[in-house]
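Let me begin by presenting the structure, written as structure tokens, before commenting on it.
The values are calculated or read from the model by the stated rules, or taken from the named source; none is laboratory data. Please read all numbers here as calculations on a predicted model, not as lab measurements. Neighbour counts run over all protein chains shown; Cβ positions are idealised from the backbone, glycine included. The protein model used for the area step is the full one, side chains on, heavy atoms only, and it has no ligands, DNA or RNA in it. Shrake-Rupley method; radii C 1.70, N 1.55, O 1.52, S 1.80 Å.
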Amino acid sequence: MPHTPIKDRLIVALDMPTVEEAQRLVAKLDDAVGFYKVGLELLFAGGLDLAESLKAQGKRVFLDMKLLDIGNTVERAVSNARELGVDFLTVHGHDLKTLRAAVTGRGASDLKLLAVTVMTNLTAEDLKQQGSALAPSDLVLHRARLAYEAGFDGVIASGQEAAAIRAATGPQFLIVTPGIRLPGGTTDDQERVMTPENAIGAGANHIVVGRPITQADDPVQAALTFHHHIRQAI
Ligand code: C5P
């Protein structure tokens with residue numbers, strides 16, 4: 001497995017309405033967190049500038065854009081995104097054509113491409129509605145194999161699927177797991193949730209945590225608690 005410093009194993013999702021609020025949280029978390037995810041909510045409120053500013057502050061940045069389009073468009077979008085100097089970028093992992101186009105767009109840069117397998121808020125019933133008869137775990141594994149074959153660096157999946165993905169891919173493939181909750185914590189709108197210990201124990205390299213930290217009364221203490229749970233699992 002690639003060596004991942006404990007501090008980088010926790011990625012805090014900056015799902016907040018404004019860049020100012022996100023910056024206040026980053027300042028508050030200070031040394032407690034070194035890796036942040038900027039996603040769709042902030043994209044339309046200055047999120048790309050925030051991503052560059054976080055990089056300038058020495059943080060690692062996961063740009064969660066969940067790209068999905070025709071190959072040519074995805075290739076050119078990834079090619080432009082790599083100029084931002086971020087560390088991780090997501091692309092929906094539905095088909096090999098899109099995945100391969102993203103790999104071409106990434107070129108020789110250090111940008112790590114992660115394929116979104118099946119969103120962690122979806123259940124078997126939701127997939128049936130989309131027209132897929134597969135169970136979430138089977139569809140996740142199928143898409144993880146496609147991403148591996150296309151030359152992606154890793155996938156986004158729930159901790160519940162991490163062990164099967166690790167076995168089907170290899171030690172270098174990155175497994176990044178959202179839907180992380182402490183035992184007894186509220187699940188919000190997430191469905192396929194797992195504790196940090198179990199996700200890391202099952203082979204996840206990084207856990208993504210949003211609301212349990214961003215909405216905590218004491219976000220620093222909450223981040224330290226997640227680090228503690230990660231340490232327990234290693
Ligand atoms: O607040 P919470 O910890 O549930 O946030 C999870 C984060 O992970 C959100 O930013 C969400 O967009 C992201 N995510 C997810 N499931 C995926 C991919 C990304 O929950 N499959």
Pairing a residue in the range 186-214 that is among the polar types (S, T, N, Q) with any residue that is more than 7 Å from the ligand (Cβ to nearest atom), where Cβ atoms lie under 6 Å and the two sit 6 or more apart in sequence or on different chains, gives Thr187/Arg181; Thr187/Val193; Thr195/Pro183; Asn198/Gly159; Asn205/Thr4; Asn205/Leu174; Asn205/Ile175
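Which residues, taken from the range 22-44, are touching a helix residue (DSSP H, G or I) at 6+ places or on another chain (Cβ under 9 Å), open to solvent by 40 Å² or more (accessible area, probe 1.4 Å) and within 15 Å of the ligand (Cβ to nearest atom)?
Across the range 22-44, the qualifying residues are Leu40, Glu41.
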Matching residues in the range 113-134 (within 22 Å of Gly154 (Cβ to Cβ), in a loop (DSSP other than H, G, I, E, B) and of a type in the set (Gly, Ala, Ser)) number 0
Evaluate the following for Ala233: is it in contact (Cβ under 8 Å) with a residue 24 or more places away in the chain, crowded, with 22+ Cβ neighbours inside 10 Å and not polar (S, T, N, Q)?
-> no
